[in-house]
Amino acid sequence: MKFGGTSMAGTERIRRVARIVQRQQAAGHEVAVVVSAMAGETDRLVNFCREANPLYDPAEYDVVVASGEQVTSGLLAMHLQALGCKARSWLGWQLPVRTDDAHAKARIETIDSEALLASMAAGEIAVIPGFQGLTADNRVTTLGRGGSDTSAVAVAAAVKADRCDIYTDVDGVYTTDPRIVAKARKLKNVTFEEMLELASVGSKVLQTRSVSLAMKEGVRVQVLSSFIDDDAPPADSIPGTMIVSEDELIGELEGLEMERQLITGIAADKNDAKVTLTRIADRPGAVATIFGPLAEANINVDMIIQNVAKDKGETDVTFTVPQADLARTQALLEEQKDTIGYYRIIADSKVAKISVVGVGMRSHAGVAGTMFKALADRGINIQAISTSEIKVSVLIDEDETELAVRVLHTAYGLDAA
Ligand code: ADP
Ligand code: ASP
Ligand code: MG
């Protein structure tokens, strides 16, 4: 069971979480619980680091930001004890959760589950702070923002759990963010591949890494709400959204003889910036001189378009990078101006990437066409396009984000009745 920040935000909420955990144990389960810091706490701690030193040491940043989860794990253990349950906390370094040494974005390597399993078998509820780990030389690490989801999946894999229930402030995965589009519909199932694409293009309901880990380790993941009454249906009846394999989904659909929508979900991401280099020579190797240095600097380039060469054998190249990397990108490109041989850099942070995702795309043509037409009908201009087997993304003006998501939601027949 994993509880996110809003679920852990304050005494009343943690008390409610304790009751949900107690009920799950009473239903006959051995339970390990992974918790986030209270909502807003990690942001607060990150700010202290920035104030201390804008060029802070990432290892010390991890020491600071990992503390939020230490507080909530201890508090939940106390609340469980108050309800008469046996419970104890297991901090990242106590298990330990071993990670690599990429501070602030560490990857989990192993979790020693021996002590954990013994304690659970003895009827004790294990409460584990998410987000934190330990390097080989015993320094504290954190897993990147939203990383408690990944901690939960990793713990579930380590103890070979029947299921990993991710409790949050919405009751499942929706066709799009239900806080932005009122007509969003809750999905009963989403495939791993779809969830992976949705998470990576902006649906922050699950951290992307948690989904790839669940897929790799075969962990059954359910997303459901912690904002429930005592008489709500039990988690075992799967009231939320299950993340399933495509085979499992097909089996279920055949059983129900049900048609699935072509598009499963729509996501928006405002964290990218668009960069255009004008008048680059249209010759072999020109593009490599742009993207080589960016790759070396660990800057992730996402969408790329190269225009048709005009009369002088020159072309414009446009691509997107994370907004956080825009300044570094511009500096690197300026350094390389002579090697690349462009005329001007034009940067624009006021863009949004809108993506439609669905495994149904594999077997159906026309998905992209529907998207372009629906946007054109509302006068929304497309600045760049990228696709994968189960995803189409377009780059548009940031001001048109909500409108675009709503228009596409309707165009693909996703609106709730
Ligand atoms: P937690 O603190 O529990 O980890 P998050 O804020 O990380 O919660 O994730 C839950 C939020 O994800 C929801 O409140 C919702 O606004 C957002 N969200 C974005 N896209 C979706 C989606 N497709 N379905 C459900 N929630 C979504
Ligand atoms: N508390 C961390 C964050 O805010 C980890 C998490 O909540 O998943 O990013
Ligand atoms: Mg989260």
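Here are some notes:
- When residues of region 361-413 are limited to those that are in a loop (DSSP other than H, G, I, E, B) and among the small types (Gly, Ala, Ser), the one nearest to PHE319 (Cα to Cα): GLY379
- Within region 113-131, if we keep just the residues that are farther than 22 Å from ARG23 by Cβ and assigned to a loop (DSSP other than H, G, I, E, B), the residue that is nearest to ligand 2 (Cβ to nearest atom) turns out to be PHE131.
- Filter pass, GLN207 being within 25 Å of LYS353 (Cα to Cα), out of contact with any strand residue (DSSP E or B) (no Cβ under 7 Å at 6 or more places or on another chain), away from ligand 2 (no atom under 16 Å from the Cβ) and of a type in the set (S, T, N, Q): no
- Scanning region 1-58 for residues that are touching a Pro at 6+ places or on another chain (Cβ under 7 Å) and within 15 Å of ligand 3 (Cβ to nearest atom) gives a single hit, VAL35.
- Scanning region 163-185 for residues being acidic (Asp, Glu) and away from ligand 2 (no atom under 16 Å from the Cβ) gives a total of 2.
- GLU114 passes every criterion in (1) surrounded by 20 or more Cβ atoms within 10 Å (Cβ to Cβ); (2) farther than 22 Å from TYR167 by Cα apart from (1).
- Within region 135-157, restricting attention to residues that are β-branched (Val, Ile, Thr) and within 15 Å of ligand 1 (Cβ to nearest atom), the residue that is farthest from LYS2 (Cα to Cα) is THR142.
- Every residue from region 44-62 that is within 16 Å of ligand 1 (Cβ to nearest atom) and touching a Lys or Arg at 6+ places or on another chain (Cβ under 9 Å): VAL46
- Checked against (1) within 29 Å of the chain's Cα centre (by Cα); (2) closer than 20 Å to ILE396 by Cβ, ASN307 passes all but condition (1).
- The strands (runs of 3 or more DSSP E) falling completely within region 263-323 that include 2 or more residues that are touching a helix residue (DSSP H, G or I) at 6+ places or on another chain (Cβ under 6 Å) map to 265-269, 272-281.
- Answer residue from region 226-242, given it is touching a Pro at 6+ places or on another chain (Cβ under 8 Å) and free of Cβ contacts under 8 Å to residues at least 60 places away in the same chain and is farthest from ligand 3 (Cβ to nearest atom) among those: PRO233
- The criterion of being aliphatic (A, V, I, L, M) and surrounded by 20 or more Cβ atoms within 10 Å (Cβ to Cβ) holds for ALA156.
- GLY144 fulfils the conditions (1) within 20 Å of the chain's Cα centre (by Cα); (2) away from ligand 2 (no atom under 14 Å from the Cβ); (3) surrounded by fewer than 18 Cβ atoms within 10 Å (Cβ to Cβ) except for a single criterion, (2).
- Checking each residue in region 163-198 for being within 10 Å of ligand 1 (Cβ to nearest atom), more than 23 Å from ALA417 (Cβ to Cβ), in contact (Cβ under 8 Å) with a residue 60 or more places away in the chain and buried (at least 22 other Cβ atoms within 10 Å of the Cβ) picks out ILE166, TYR167, THR168.
- Complete set of residues in region 37-85 that are within 14 Å of ligand 2 (Cβ to nearest atom), free of Cβ contacts under 8 Å to residues at least 60 places away in the same chain and assigned to a loop (DSSP other than H, G, I, E, B): MET38, ALA39, GLY40
None of the figures in this text is laboratory data; all of them are computed from the coordinates on show. The shown structure was predicted, so the numbers you read here are calculated from the model rather than taken from an experiment. FYI the Cβ positions are ideal-geometry reconstructions off the backbone, even for glycines, and counts take in every protein chain you see.
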